[in-house]
Each structure stands twice: as C-alpha cells, then as structure tokens.
1. For the chain, with a Gaussian network of springs between Cα atoms less than 10 Å apart, report the residue from 36, 106, 57 with the top mean-square fluctuation.
2. Kindly provide the helix-only [θ] at 222 nm of the chain, computed as the sum of -39,500 (n - 2.57) over DSSP H runs of four or more divided by all residues, to the nearest 500 deg cm²/dmol?
3. Counting only heavy atoms of protein chains, what accessible area per residue, in Å², does the chain have with a probe of 1.4 Å?
4. Share of the chain's accessible area from carbon and sulfur, percent, 1.4 Å?
5. What ranking of 33, 101 comes out by heavy-atom accessible area, probe 1.4 Å, highest first?
6. Tell me, rounded to the nearest percent, the portion of alpha carbon pairs in the chain spaced more than 22 Å apart.
7. So, R0 is 25 Å and r is the distance between the beta-carbons of residue 52 and residue 107; what FRET efficiency does that work out to, to 0.05?
8. Could you sort out which of 17/52; 24/112; 34/90; 34/70; 70/90 sit more than 24 Å apart by Cα distance in this structure?
Amino acid sequence: MKHKRNTDAVVAFARQKKEETEQKVEQAISQLIKQNDRLNFNTIATTAGVSKSYLYNHPDFRERIDTLRKQQMGVKSPKAVKRNMSVESKDALIEVLRAHIKELGNENKQLKEENRRIQGKLYEQI
C-alpha cells in the first residue's frame, strides 16, 4: 500500500520564503533610493542579504535594477556629493553624531548598572 505524502507544509514554507525574499529585495531598493545610494546588483544584493545570481535569475528584478541604474547615470555619486558638503552641514552632522554618542553612553551606563544589580541578586541567592 502506497502512502501519499503530505507536502502541503513544505510547499507553503517555500512560498513564504520566496515572498519574504522578494520583500527584502523591494525594501533594499527602497532603502537605497531613500539614501540616494548607487543602485546596482552589488549594493542591492548586499543590502537585501541575497546573492547577485538571485537578482540576475529573476527577470523582473533584473529589468528594474537595469532601469534604475540607467536613471542614475546622470546623477552625481554619493561620494561626490559628500565632498561638496558645506562646512555648516558638516558641523550639523557632527553635533547630531555627538548627541547620538552621548545617548549611547548613557544607555551603556544604565545597562552596566542593571547588570551589576542582577549579578548582586544572583550572588545573594548563592
């Protein structure tokens, strides 16, 4: 008697994984556009966490990336834009980064204090 295998779960998992990967690629493209980064197979593959061959083997992504690359041909590269940053914008960026560093330092301090309290409680239980 032959047993019919139930492959519904495997097929559903494969479909879900495919959809998630496609969403990651779409999000990577959107992110790179927002950041005004170069759009090419390397940057999109790296940002999305997929292989370049995955992008090349999906005609819809391949055409879209080619189109986006062609649109960016006349646009200055992010490196060129960064070189032309004004002194004021650099100062503003430095201030933002300093504030972020201070915030991270405070968070680190709180976590260390919390860690010491937890270690003290554990020591008391011994």
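The values are calculated or read from the model by the stated rules, or taken from the named source; none is laboratory data. These numbers come from a predicted model, not from an experiment. Backbone-built Cβ (ideal geometry, glycine too); neighbour counts: all protein chains shown. Just so you know, the surface numbers come from the protein's heavy atoms only, side chains and all, with ligands and any DNA or RNA stripped out. Shrake-Rupley method; radii C 1.70, N 1.55, O 1.52, S 1.80 Å.
1. It is 106.
2. Result for the chain, helices only: -26500 deg cm²/dmol.
3. That works out to 87 Å² per residue.
4. 53
5. Numbers: 33 85, 101 115 Å².
Final ranking, largest accessible area leading: 101, 33.
6. Working: 5091 of 7875 pairs.
So the pairs more than 22 Å apart make up 65 percent of the total in the chain.
7. Step by step, r from the Cβ atoms, then E = 0.10.
8. 24/112; 70/90
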